[in-house]
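Have a look at the structure below before the remarks.
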Amino acid sequence: MRLTVFWQRMAEHFGPEYADTFARDHVMTELGGRTVHEALDAGWEAKDVWRVVCSVMDVPGEKR
């Protein structure tokens with residue numbers, strides 16, 4: 001998954017303004033105690049981060 005697609009999906013699910021706030025502030029144990037931004041900066045693949053976000057935040061199947 002390209003980062004542009006990842007951020008589009010984040011904006012579609014959380015809204016364009018809240019997506020970045022969530023990505024910056026919400027620490028997830030499934031990402032090793034990191035935020036989305038930290039996980040991506042640490043080298044996590046966007047598709048893997050998206051899967052974690054979907055799981056943690058109960059993103060509906062049709063948006064996954």
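Only one entry in Val5, Val49 is at negative phi, out of contact with any Leu (no Cβ under 9 Å at 6 or more places or on another chain) and among the hydrophobic types (A, V, I, L, M, F, W, C), namely Val5.
Does Val56 meet the test of being touching a strand residue (DSSP E or B) at 6+ places or on another chain (Cβ under 7 Å) and open to solvent by 60 Å² or more (accessible area, probe 1.4 Å)? First the steps, then the outcome.
Values: touching a strand residue (DSSP E or B) at 6+ places or on another chain (Cβ under 7 Å): yes; open to solvent by 60 Å² or more (accessible area, probe 1.4 Å): no.
In short, no.
Restricting to the range 11-52, count the residues that are without any contact (Cβ under 8 Å) to a residue 24 or more places away in the chain and outside any helix (DSSP H, G or I). The qualifying residues number 10. Starting from residues that are under 18 Å from Arg2 (Cα atoms) and surrounded by fewer than 12 Cβ atoms within 10 Å (Cβ to Cβ), keep the ones in the range 12-46 and report whichever is modelled with the lowest pLDDT. Across the range 12-46, the extreme among qualifying residues is Pro16.
The values are calculated or read from the model by the stated rules, or taken from the named source; none is laboratory data. All figures in this text were calculated on a predicted structure; none of them were measured in a lab. Note: ideal-geometry Cβ built from the backbone for every residue, glycine included; neighbour counts use all protein chains shown. These area figures cover heavy atoms from the full protein model, side chains too; ligands, DNA and RNA do not enter into them. Shrake-Rupley method; radii C 1.70, N 1.55, O 1.52, S 1.80 Å.
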